[in-house]
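A short worksheet on the structure shown next.
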Amino acid sequence: MQIANNSVVSIQYTLKNSEGTIIDHSSEGQPLNYLHGHRNIIPGLESALLDKSVGDALDVSVEPENAYGTVNPALIQEVPKEHFQGVETLEVGMRFQASTEQGPVPVVVTKVADDVVTVDGNHPLAGQTLNFSVKVEEVREATAEELEHGHIHTEQSGGCCGGGDVENSEGGSCGCS
(Lines give C-alpha, C1' and ligand atoms only; values in the text may rest on other atoms or scores of the structure.)
Protein backbone atom coordinates (compact mmCIF):
# COMPACT_ATOMS: atom_id res chain seq x y z
CA MET A 1 0.00 0.00 0.00
CA GLN A 2 1.27 3.46 -0.87
CA ILE A 3 1.01 6.45 1.45
CA ALA A 4 -2.03 8.54 0.55
CA ASN A 5 -4.40 10.89 2.33
CA ASN A 6 -6.28 9.13 5.14
CA SER A 7 -3.66 6.42 5.58
CA VAL A 8 -1.94 5.73 8.89
CA VAL A 9 1.83 5.82 8.48
CA SER A 10 4.65 4.65 10.76
CA ILE A 11 8.14 6.03 10.13
CA GLN A 12 11.55 5.85 11.73
CA TYR A 13 13.33 9.18 11.37
CA THR A 14 16.33 11.25 12.28
CA LEU A 15 16.08 15.05 12.13
CA LYS A 16 19.20 17.19 11.71
CA ASN A 17 19.72 20.93 11.36
CA SER A 18 21.80 22.53 8.59
CA GLU A 19 25.01 21.95 10.57
CA GLY A 20 24.32 18.22 10.78
CA THR A 21 23.47 18.20 14.49
CA ILE A 22 20.76 15.71 15.44
CA ILE A 23 17.74 17.60 16.76
CA ASP A 24 15.35 14.68 17.19
CA HIS A 25 14.91 11.03 16.25
CA SER A 26 12.52 8.17 16.75
CA SER A 27 13.57 5.38 19.06
CA GLU A 28 14.13 1.87 17.74
CA GLY A 29 10.85 -0.01 17.95
CA GLN A 30 8.91 3.20 18.56
CA PRO A 31 8.25 4.80 15.18
CA LEU A 32 6.40 8.06 14.68
CA ASN A 33 2.80 7.23 13.75
CA TYR A 34 0.56 9.80 12.05
CA LEU A 35 -2.55 10.22 9.91
CA HIS A 36 -1.45 11.36 6.45
CA GLY A 37 -3.17 14.41 4.99
CA HIS A 38 -4.44 15.76 8.33
CA ARG A 39 -1.62 18.16 9.19
CA ASN A 40 -0.23 15.88 11.90
CA ILE A 41 3.36 16.48 10.71
CA ILE A 42 5.04 19.40 8.96
CA PRO A 43 3.82 19.96 5.38
CA GLY A 44 7.19 19.53 3.65
CA LEU A 45 7.79 16.09 5.16
CA GLU A 46 4.21 15.00 4.56
CA SER A 47 4.48 15.99 0.86
CA ALA A 48 7.73 14.07 0.45
CA LEU A 49 6.17 10.91 1.90
CA LEU A 50 3.16 10.89 -0.44
CA ASP A 51 3.12 7.74 -2.64
CA LYS A 52 5.95 6.04 -0.69
CA SER A 53 5.61 2.41 0.47
CA VAL A 54 6.80 0.18 3.31
CA GLY A 55 10.59 -0.18 3.14
CA ASP A 56 11.17 3.08 1.26
CA ALA A 57 13.97 5.20 2.71
CA LEU A 58 14.52 8.83 1.80
CA ASP A 59 16.39 11.96 2.77
CA VAL A 60 14.25 15.10 2.79
CA SER A 61 15.36 18.72 3.20
CA VAL A 62 12.47 20.95 4.28
CA GLU A 63 12.75 24.73 4.00
CA PRO A 64 11.33 26.88 6.83
CA GLU A 65 8.24 27.86 4.83
CA ASN A 66 7.19 24.19 4.72
CA ALA A 67 8.26 23.42 8.28
CA TYR A 68 7.76 25.79 11.24
CA GLY A 69 7.82 29.00 9.22
CA THR A 70 10.23 31.88 9.09
CA VAL A 71 11.12 33.87 12.18
CA ASN A 72 8.40 36.46 12.84
CA PRO A 73 10.04 39.56 14.40
CA ALA A 74 6.66 40.61 15.84
CA LEU A 75 6.82 37.57 18.16
CA ILE A 76 10.05 38.85 19.73
CA GLN A 77 9.24 41.45 22.35
CA GLU A 78 10.75 43.30 25.25
CA VAL A 79 8.59 43.05 28.36
CA PRO A 80 9.02 45.00 31.61
CA LYS A 81 10.52 42.73 34.25
CA GLU A 82 7.65 43.69 36.58
CA HIS A 83 5.31 41.54 34.43
CA PHE A 84 7.06 38.44 35.82
CA GLN A 85 5.72 38.85 39.36
CA GLY A 86 6.33 35.85 41.56
CA VAL A 87 9.41 34.71 39.61
CA GLU A 88 12.46 35.23 41.79
CA THR A 89 15.19 34.66 39.19
CA LEU A 90 14.70 35.13 35.45
CA GLU A 91 17.12 33.25 33.22
CA VAL A 92 17.63 32.81 29.49
CA GLY A 93 15.86 29.66 28.33
CA MET A 94 12.98 29.85 30.80
CA ARG A 95 9.58 29.19 29.22
CA PHE A 96 6.28 30.91 29.99
CA GLN A 97 2.75 31.25 28.61
CA ALA A 98 2.04 34.81 27.51
CA SER A 99 -1.56 36.02 27.44
CA THR A 100 -2.38 37.71 24.13
CA GLU A 101 -5.51 38.90 22.33
CA GLN A 102 -5.25 35.70 20.24
CA GLY A 103 -5.01 33.52 23.34
CA PRO A 104 -2.05 31.98 25.20
CA VAL A 105 1.30 31.86 23.39
CA PRO A 106 4.32 29.90 24.62
CA VAL A 107 7.42 32.10 24.85
CA VAL A 108 11.05 31.59 25.79
CA VAL A 109 13.24 34.15 27.55
CA THR A 110 16.13 35.09 25.24
CA LYS A 111 17.65 38.02 27.16
CA VAL A 112 17.42 39.43 30.67
CA ALA A 113 18.45 43.05 31.33
CA ASP A 114 18.09 45.22 34.41
CA ASP A 115 14.41 46.03 33.98
CA VAL A 116 13.48 44.44 30.64
CA VAL A 117 13.11 40.82 29.56
CA THR A 118 13.20 39.79 25.88
CA VAL A 119 10.85 36.92 25.01
CA ASP A 120 10.44 35.02 21.74
CA GLY A 121 7.12 33.43 20.74
CA ASN A 122 8.46 31.81 17.57
CA HIS A 123 8.64 28.03 17.38
CA PRO A 124 12.18 26.93 18.39
CA LEU A 125 12.72 25.54 14.86
CA ALA A 126 11.30 28.57 13.01
CA GLY A 127 13.65 29.83 10.32
CA GLN A 128 15.58 26.56 10.12
CA THR A 129 15.96 24.16 7.21
CA LEU A 130 15.21 20.69 8.56
CA ASN A 131 16.91 17.58 7.20
CA PHE A 132 15.14 14.27 7.70
CA SER A 133 16.33 10.73 7.08
CA VAL A 134 13.17 8.62 7.00
CA LYS A 135 12.25 4.96 6.57
CA VAL A 136 8.63 3.92 6.06
CA GLU A 137 7.80 1.02 8.38
CA GLU A 138 4.05 0.58 8.00
CA VAL A 139 1.13 1.95 6.00
CA ARG A 140 -2.50 1.03 6.66
CA GLU A 141 -5.96 2.43 6.05
CA ALA A 142 -7.28 4.66 8.82
CA THR A 143 -10.35 3.59 10.77
CA ALA A 144 -13.57 5.61 10.57
CA GLU A 145 -12.97 6.81 14.14
CA GLU A 146 -9.43 7.97 13.31
CA LEU A 147 -10.73 9.89 10.29
CA GLU A 148 -13.49 11.46 12.39
CA HIS A 149 -11.01 12.59 15.06
CA GLY A 150 -8.23 13.59 12.62
CA HIS A 151 -5.51 11.57 14.36
CA ILE A 152 -4.54 7.96 14.91
CA HIS A 153 -5.61 5.64 17.71
CA THR A 154 -3.26 2.90 18.78
CA GLU A 155 -3.74 0.04 21.18
CA GLN A 156 -0.18 0.26 22.46
CA SER A 157 -0.43 3.94 23.44
CA GLY A 158 -3.53 3.38 25.55
CA GLY A 159 -5.61 5.87 23.59
CA CYS A 160 -5.30 8.61 21.06
CA CYS A 161 -2.70 11.35 20.75
CA GLY A 162 -0.18 9.29 22.67
CA GLY A 163 -2.56 8.17 25.36
CA GLY A 164 -5.44 9.26 27.49
CA ASP A 165 -8.05 11.93 27.00
CA VAL A 166 -6.28 14.97 25.59
CA GLU A 167 -7.27 18.29 24.08
CA ASN A 168 -7.41 18.71 20.33
CA SER A 169 -6.34 21.82 18.38
CA GLU A 170 -9.78 23.40 18.88
CA GLY A 171 -9.36 23.15 22.66
CA GLY A 172 -11.89 20.34 23.07
CA SER A 173 -11.33 16.79 24.10
CA CYS A 174 -10.73 14.18 21.41
CA GLY A 175 -13.10 11.94 23.36
CA CYS A 176 -10.63 9.10 23.75
CA SER A 177 -9.68 7.43 26.96
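The values are calculated or read from the model by the stated rules, or taken from the named source; none is laboratory data. Fair warning: this is a prediction, and the values are worked out from it, not measured in the lab. No Cβ is skipped: glycine too gets one built from the backbone with ideal geometry, and neighbour counts run over all protein chains shown.
When we screen ASP51, ASP56, ASP115 for residues that are of a type outside the set (Gly, Ala, Ser), over 21 Å from ILE152 (Cα atoms) and in the same structural domain as VAL134 (by TED's automatic domain parsing), the only hit is ASP56. Within segment 125-132, not a single residue is loosely packed, with under 12 Cβ neighbours inside 10 Å and either part of a strand (DSSP E or B) or at pLDDT below 95 (or both).
List the pairs whose first member sits in segment 37-51 and is surrounded by fewer than 17 Cβ atoms within 10 Å (Cβ to Cβ), whose second member is at pLDDT below 95 and part of a helix (DSSP H, G or I), and whose Cβ atoms are under 8 Å apart, counting only residues at least 6 apart or on separate chains? From segment 37-51, no pairs qualify.
Quick one: which residue in GLY44, GLY55 is at pLDDT 95 or above and more than 20 Å from the chain's Cα centre (by Cα)?
Values: GLY44 fails: more than 20 Å from the chain's Cα centre (by Cα).
Unique residue meeting the criteria: GLY55.
VAL62 fulfils the conditions (1) outside the structural domain of GLU137 (by TED's automatic domain parsing); (2) among the hydrophobic types (A, V, I, L, M, F, W, C); (3) in contact with a helix residue (DSSP H, G or I) (Cβ under 9 Å, 6 or more places away or on another chain) except for a single criterion, (1).
Within this structure, GLY86 passes the test of being farther than 21 Å from ASN131 by Cα and assigned to a loop (DSSP other than H, G, I, E, B). For segment 86-116, taking the residues that are closer than 14 Å to LEU75 by Cα and of a type in the set (S, T, N, Q), the one that is surrounded by the most Cβ atoms within 10 Å (Cβ to Cβ) is identified as THR110. Based on this model, can you work out whether VAL107 counts as farther than 30 Å from ALA4 by Cβ, outside the structural domain of ASN33 (by TED's automatic domain parsing) and either of a type in the set (Phe, Trp, Tyr) or part of a strand (DSSP E or B) (or both)? Answer is yes for this residue.
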